[in-house]
Every structure is written in structure tokens, then in C-alpha cells.
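A short worksheet on the structure shown next.
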Amino acid sequence: MPKRFKYKYSSTPPLDLHGLKHTEVYQLVENYVLINQLNCPLKIITGNSDKMKSIVTDVLKTHGFKYSAGDYYNRGYIDVLN
């Protein structure tokens with residue numbers, strides 16, 4: 001399958017953190033990125049919570065992942081790039 005289709009139709013579903021408590025997030029994100037690290041890019045939906053984004057970026061920095069935080073119109077997600 002060409003790379004452009006692999007990116008668009010990724011088999012790894014995004015991780016949606018809506019409705020979770022901040023105490024649950026660190027372990028959940030860590031498991032998600034480590035299990036799916038070969039399927040990058042990954043999408044983690046954080047919502048607009050600065051605390052939630054901070055927890056997710058801490059996990060990614062700890063494990064050496066590069067990431068991109070949202071875009072101009074939607075800042076409620078983080079893409080894990082590698």
C-alpha cells in the first residue's frame with residue numbers, strides 16, 4: 001500500500017481522553033504510544049484542557065517521541081510523529 005494511503009487510512013484508532021481523570025491519563029498514554037510506536041503518526045485527542053496536554057507531552061518527552069500539538073483551528077489534539 002502506498003505511504004499516502006497508509007497515513008490516511010491508519011489502522012490504529014486515535015486515543016480519545018475525553019471523560020478521563022488526570023490521574024488515569026499518564027499510564028494510558030504511555031501504554032498507547034509504546035504499543036503503537038511502529039504505527040506512527042498517532043493521534044491523541046486531549047480536548048482543550050491544558051493540564052491534559054501537559055500530561056501527554058510529559059509522557060512523550062520522557063520516551064523521546066517527537067510531537068505536534070494541534071493546529072490553528074483545532075488545538076484539542078496531539079500528533080505523535082515518531
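The figures follow:
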read-out	value
Matching residues in the range 68-82 - criterion: being in contact with a Ser or Thr (Cβ under 7 Å, 6 or more places away or on another chain) and either loosely packed, with under 14 Cβ neighbours inside 10 Å or not in a loop (DSSP other than H, G, I, E, B) (or both)	Tyr77, Ile78, Asp79, Leu81
Pairs, first within 11 Å of Pro14 (Cα to Cα) and free of Cβ contacts under 8 Å to residues at least 40 places away in the same chain in the range 36-51, second of a type in the set (Ser, Thr, Tyr) and in a strand (DSSP E or B), C-beta under 9 Å, six or more apart	Lys43/Tyr77; Ile44/Tyr67; Ile44/Tyr77; Ile45/Tyr77; Thr46/Tyr77
Answer residue from the range 61-82, given it is aromatic (Phe, Trp, Tyr) and touching an Asp or Glu at 6+ places or on another chain (Cβ under 9 Å) and is farthest from Thr46 (Cα to Cα) among those	Tyr67
Positions within the range 40-57 being surrounded by 14 or more Cβ atoms within 10 Å (Cβ to Cβ) and not in a loop (DSSP other than H, G, I, E, B), in sequence order	Leu42, Lys43, Ile44, Ile45, Met52, Lys53, Ile55, Val56, Thr57
Residues satisfying the stated conditions in the range 58-67, i.e. part of a helix (DSSP H, G or I) and under 20 Å from Thr12 (Cα atoms)	Val59, Leu60
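One line per residue, one yes/no per condition, for (1) touching a Lys or Arg at 6+ places or on another chain (Cβ under 8 Å); (2) under 22 Å from Thr23 (Cβ atoms):
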{"position": "Asn39", "(1), (2)": "no, no"}
{"position": "Ile45", "(1), (2)": "no, yes"}
{"position": "Asn48", "(1), (2)": "yes, yes"}
{"position": "Ile55", "(1), (2)": "no, yes"}
{"position": "Val59", "(1), (2)": "no, yes"}
{"position": "Gly70", "(1), (2)": "no, no"}
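FYI, it's all coordinate maths here, none of it is from the lab. These figures come from a predicted structure and were not determined experimentally. FYI the Cβ positions are ideal-geometry reconstructions off the backbone, even for glycines, and counts take in every protein chain you see.
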